[in-house]
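Student: Once you've had a glance at the structure underneath, I'll fire off some questions.
The values are calculated or read from the model by the stated rules, or taken from the named source; none is laboratory data. Quick caveat: nothing in here was measured; it's all calculated off a predicted structure. Ideal geometry is used to build each Cβ from the backbone, glycine not excepted, and the neighbour counts take in all protein chains shown. Only protein heavy atoms, including side chains, enter the accessible area calculation; ligands, DNA and RNA are left aside. Shrake-Rupley method; radii C 1.70, N 1.55, O 1.52, S 1.80 Å.
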Amino acid sequence: MRRLLLLLTGVAAGLVAGAVLVAGAAAAAPSVSVFPTPGSHSFLPRTQIGFRGISASHIGNVQVVGSRSGAHQGRIVGDSDGNGGSFLPNTAFTPGERVTVTTGLNVVGTKNGAWQFTVATPAGPIKGVNPAHVPAGRNGLMHFRSRPDLQPAQLTVTRDRAPASAGDIFIAPQYGPSQDGPMVLDSTGHLIWFHPTPRSQLATDFRVQQLYGKPVLTWWQGSMSNGSGRGNDYIYNTDYQQTGVVHAADGIQGADLHEFLLRNNGVAWIVGVSPLRYPGTLKPLMDSTVQEIDMKTGLVMFEWHAYDHIPLSASYFKTPHHPGHVWDPYHLNSVSIDRDGNPIVSMRNTWGSYKISLATGGVIWTLGSGQSSFKMGAGTRTAFQHDLVVQPDGTLTIFDDGAGPPREERQSRAVHIALNTSNMTATLIKQYFHSPALSSNYEGGVQALDGGEVFVDWGQKQYFTEFNSAGQTDFDAHWNTFTPSYRAYRFPWSAQPPTQPAAVVTRPANGISTVWASWNGASTVSSWRLLGGNDPKHLSTIGTVPRHGFETQVQGHTELPYLQAQALGSKGQTLASTKTVGSTGTRMSIFGHSAFVSAGGTGGLYVGCWARSNCDATATISAGRTVIARTGKQTVPTNNGGLMFFSLSGTGRRLLSRARGHELGVSVSVRNSDGWTARNDMVLIPYRTSGAGPHTSTGSSRSVQILAKTAFVSSKGVGGMFVSCHAAGGCHVSSTLTSGHTTLAKTGSEYVGGGDCGLVFFTLTSAGRSMVAHDHGNQLGATMVSSNGGDRATAQINIVRFG
């Protein structure tokens, strides 16, 4: 009997030991977080059932039964990080039913791995509306000759003392006037890149983020209704090419415009709005949602619904009895990840921010609203706030709109707040105000920069401002029309798009060709070089100018038939070239805006020829409808220039003598025998001389030719001389005028294209002006030396004063 008792005792002890081992094994099982969370009632009929904290291969058997739809078949798909997976039902759940999920897992907040949730009843889609476009006014749009398809909003920079190291500006105007879309501005506010959206869509939250160790451009794009968005989140690389798009999941109609937070490991945090039916009202209740999306699989790794965790009593819109087509008690507008990995969200319509547990979905603490977990220090309360961001040291930056409606604060501001989670206090570190004061009803953002700088977008008000570490404004800009932007950022950015730069050519009079060049998205262009030639495959340099904003005007003394612009980097290297543009203009040109007429009515026109052979041209000069001079044929050498002489009719001389200020406006046309015609509006100016005048002669060298024998100068000593260049690469012409041992004028280097001609201008020295003024015959003999490097042309000229 004793032996039997001992045996039974041993068996019992073994059973107890076995029970302890089983309990130990259960305790050692990993905790698994799930969504829909136990007891939730906001998830939609097409929700997946997610598990986090365990690999998909260890999820095991999952039984899913709807109280109306019955048992659901499906499949389990793993998250890309190996730490979770989802059961994807083959069919949707039924609105309003209770769903029971049974597993063998250690699910947080459940017993025996089983839990229930209630499926929400959707209210149906909310129709988007086309974005409003404000009137452009007189200065509301940017216009570009080379890119007429781009018409972004125009802005004005009123203060620019911020360090360029702060980076370029990333912003997306929302009300046109013509086009909306993401926009990159350089550190001084000049456009670098603009990407217009379709007219029915707008873009928000445009910025640079890191993905797999590389910088990418990200933004939300879609339609908007009742202050919320329905769209997708886009990812572009540094070549401005789309590399990804993130969609809302689990039946949410689309990603909302308020947040697209990308993590370097390929996880995206997005927000959504879920219209639900609520008893007693026909208005949809707009539930706010947060989703953590696995970009590689499209699976939801975390999902949170405000309606499950934030009571309607916390809202300043507690009931549906408010103006508008929807009831929007939450209006979630930002997601930021705290240092412990848990998200913090901001809600406009509760005036509160909430830290959420990734494990349970529960609210860890509340900041602000009427239910704050913290003792709110002076200046820490916000109203209708946006863009809460956790800083690396754990402090928070927030844009405090304050304007509602109702208007709760005198002006909007950016705030920097410290939280003490030991004694649960909130303390204001610093606040930033615009001068003059701005009051925004909606939107806005704050970005903390290196060195204590802070960049603020004022939301509804069309301003964006940078403050230095002392709180002083060192950059301020605004749109020229009432076009708000949701947020604005500064980031270092370097990009060279694979597209070809754009160019358009205009060929005005005076032999000056103009190329308007731009390269949408190029941030590394320092200057533009103009090339030209008679053959599109053989071009030579005409001139180089520094980049000036999005579109640069490059001019050159040239009538060459083929032109091209090259974008140059900081070291002068060629980055890209525009298409070679063929000439559609005249092969002749009239230089200058004035023609000088002697007392006898004789004058001359500076004319250039670029026909296949010498030009046999005639000139006609008209004052209104009256022809006052007409010449016979005169020869101008090809790829060169010359003077065409004319004599005014008696009517022309009378009109000139009676003209106001002794300047007669005329129209001049020069027609070649092959039909090419050049036209120019000019003024005829009389001059008088006496005596025989000095000996004159033109001069030439290997590359430079001085084409005229007379230089006409104004009473202020400004004049010009007609020269041509015969060097293949063009000439950099500098000139000196002397009379005896006196230097009359020196010019800087002026570019004249190869096989081209042009007027080079000079200003007399005080000694030169005195000598010209005191020359009794108004014909001062001078020597002109024009140099192209070491190559010099010398001419003996006559300087004649007019006016």
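Student: If I take every Cα pair under 8 Å that is 6 or more residues apart in the stretch 69-119, average their sequence separation and divide by the length, what percent do I get for the relative contact order?
Tutor: 28
Student: Moving to a separate point now. Restrict the search to the stretch 682-712; then list the trypsin sites (Lys or Arg not before Pro) that DSSP places in a loop and that have at most 14 other Cβ atoms within 10 Å of their Cβ.
Tutor: R688, R702
Student: Then there's this: Put a dot 7 Å past each Cα toward the Cβ at A418 and T514; how far apart are the dots in nm?
Tutor: Between T514 and A418, the label points sit 5.8 nm apart.
Student: Excluding residues on the same chain fewer than 8 positions from K579, give the lysines whose Cα lies under 28 Å from its Cα.
Tutor: Output for K579: K537, K571.
Student: Right, something else. Report, in whole Å, the centroid distance computed from the Cα atoms of the stretch 331-368 and the stretch 234-294.
Tutor: Their Cα centres are 16 Å away from one another.
Student: May I pose another question? Within the chain, what whole-number % of the accessible surface is contributed by carbon and sulfur, with the 1.4 Å probe and all protein chains included in the calculation?
Tutor: Heavy-atom surface of the chain belonging to carbon and sulfur, 1.4 Å probe: 51 percent.
Student: State the three equivalent ellipsoid semi-axes of the chain, derived from the C-alpha gyration tensor as the square roots of 5 times its eigenvalues, in descending order and whole Å.
Tutor: Equivalent-ellipsoid dimensions as semi-axes: 78, 27, 24 Å.
Student: Shape verdict for the stretch 66-119, please, from the Cα gyration tensor: rounded (a/c under 1.5), prolate (a/b greater than b/c) or oblate.
Tutor: Because a/c hits 1.5 or more and a/b fails to exceed b/c, the stretch 66-119 counts as oblate.
Student: Just from the alpha-carbon atoms, what are the Rg and Dmax of the stretch 626-707 in angstroms?
Tutor: Looking at the stretch 626-707, its Cα Rg and Dmax stand at 16.0, 46 Å.
Student: If you don't mind, another one. Dipole size in debye (nearest 20) for the stretch 45-144 around its Cα centre, Lys and Arg Cβ +1, Asp and Glu Cβ -1?
Tutor: 260
Student: If you filter the stretch 406-489 for trypsin sites (Lys or Arg not before Pro), then keep DSSP loop positions with at most 11 other Cβ within 10 Å, what is left?
Tutor: Answer by residue number: R410.
Student: When the helices in the chain are scored as -39500 (n - 2.57) per DSSP H run of 4 or longer and the sum is shared across all residues, what 222 nm value do you end up with, to the nearest 500 deg cm²/dmol?
Tutor: -2000 deg cm²/dmol
Student: Give me the percent of Cα-Cα pairs in the stretch 476-525 that sit more than 14 Å apart, rounded to a whole number.
Tutor: 71
Student: At a Förster radius of 30 Å, what calculated FRET efficiency corresponds to the Cβ-Cβ distance of N264 and D239, to the nearest 0.05?
Tutor: Values: r = 20 Å, r/R0 = 0.65.
With a Förster radius of 30 Å, E is 0.95.
Student: Just name one of H331, S412, T635: the one whose Cα is farthest towards the positive end of the charge dipole of the chain (beta-carbon charges, Lys/Arg +1, Asp/Glu -1).
Tutor: Going by the charge dipole, the pick is T635.
Student: Next question, about the same structure. I want the local charge near I628. Using Cβ-Cβ distances under 15 Å, sum +1 for each Lys or Arg and -1 for each Asp or Glu among the other residues.
Tutor: +3
Student: Another question about this same structure. Going toward the positive end of the dipole of the chain, with +1 on Lys and Arg Cβ and -1 on Asp and Glu Cβ, which of P182, W351, T558 do you reach last?
Tutor: T558
Student: Sticking with this structure for a sec: Below 8 Å between Cα atoms, with a sequence gap of 6+, how large is the relative contact order for the stretch 219-309 in percent?
Tutor: On the way: 198 pairs, mean separation 18.4, N = 91.
Relative CO of the stretch 219-309 lands at 20 percent.
Student: Of all trypsin sites (Lys or Arg not before Pro) in the stretch 515-569, which ones are in loop regions per DSSP and have a Cβ with at most 11 other Cβ atoms within 10 Å? Write down the numbers at each step before the final one.
Tutor: Values: sites: R529, K537, R547; in loops: K537, R547.
Those that pass, being in a loop and sparsely packed, are K537.
Student: So, one more: Using the alpha-carbon centroid of each, what span in Å lies between the stretch 95-126 and the stretch 167-193?
Tutor: Cα centroid of the stretch 95-126 versus Cα centroid of the stretch 167-193: 45 Å apart.
Student: Once you keep just the Cα pairs under 8 angstrom separated by 6 or more residues, what percentage relative contact order results for the chain?
Tutor: Working: 2264 pairs, mean separation 58.8, N = 803.
Normalised by residue count, the contact order of the chain is 7 percent.
Student: How many times 2.2 N^0.38 Å is the alpha carbon radius of gyration of the stretch 655-746?
Tutor: Dividing the Cα Rg of the stretch 655-746 by 2.2 N^0.38 Å gives 1.40.
Student: Using only the Cα atoms of the stretch 385-439, what semi-axes does the equivalent ellipsoid have when each is the square root of 5 times a gyration tensor eigenvalue? Give whole Å, largest first.
Tutor: Each semi-axis is √(5λ); the values are 23, 12, 10 Å.
Student: With a Cα-only, solvent-free Debye model of the stretch 617-660, what are the log10 I(q)/I(0) values at q = 0.26 Å⁻¹?
Tutor: Once normalised to I(0) and log-transformed, intensities are -0.90.
Student: Another one. Taking every alpha carbon pair in the stretch 412-564, what does the distance histogram look like in 5 angstrom bins from 0, in percent?
Tutor: Spelled out bin by bin, the stretch 412-564 gives 2, 8, 13, 13, 11, 10, 9, 8, 8, 7, 5, 3, 2, 1, 1, 0, 0 percent.
Student: Follow-up. How large is the dipole of the chain about the Cα centre if only Lys and Arg carry +1 and Asp and Glu carry -1, each at its Cβ, rounded to the nearest 20 debye?
Tutor: Here the chain has a charge dipole of around 1880 debye.
Student: Right, something else. Could you list, by residue number, the cysteines of the chain that have no other cysteine's beta carbon within less than 4.7 Å of their beta carbon?
Tutor: C757
Student: What does the charge count near V134 come to, summing +1 for each Lys or Arg and -1 for each Asp or Glu among other residues with Cβ under 15 Å from its Cβ? Walk me through the numbers on the way to the answer.
Tutor: Working: positive: R138, R199, K461; negative: D180.
Within the 15 Å Cβ shell, the charges total +2.
Student: In addition: Can you tell me which lysines have their Cα less than 28 Å from the Cα of K709? Leave out same-chain residues fewer than eight positions away.
Tutor: K633, K746
Student: A further question on this structure: Pairs K430/K461; K318/K375; K318/K461; K283/K461; K111/K375; K127/K296: which exceed 26 Å Cα-Cα? Don't skip to the end; give the middle numbers.
Tutor: On the way: K430/K461 22 Å; K318/K375 24 Å; K318/K461 28 Å; K283/K461 30 Å; K111/K375 36 Å; K127/K296 30 Å.
Over 26 Å apart, Cα to Cα: K318/K461; K283/K461; K111/K375; K127/K296.
Student: Using a 1.4 angstrom probe, figure out how much accessible area the chain has per residue, in square angstrom, rounded to the nearest whole.
Tutor: I get 42 Å² per residue for the chain.
Student: Would you mind estimating how fast the stretch 672-803 diffuses translationally, via Stokes-Einstein at 37 °C and 0.692 mPa s with the Kirkwood radius over Cα pairs, in µm²/s?
Tutor: 212
Student: Further question on the same structure: Let's test the formula: R0 of 25 Å, r as the Cβ-Cβ distance of T618 and Q555. What FRET efficiency results, to the nearest 0.05?
Tutor: In this case the efficiency is close to 0.30.
Student: For the stretch 650-706 and the stretch 55-94, what is the separation of their C-alpha centers, rounded to whole Å?
Tutor: If you average the Cα positions of each part, the centres end up 90 Å apart.
Student: Full-extension gain between R660 and T499, please, as 0.36 nm times their residue separation minus the C-alpha to C-alpha distance.
Tutor: Separation in residues times 0.36 nm, less the Cα-Cα distance, equals 52.6 nm.
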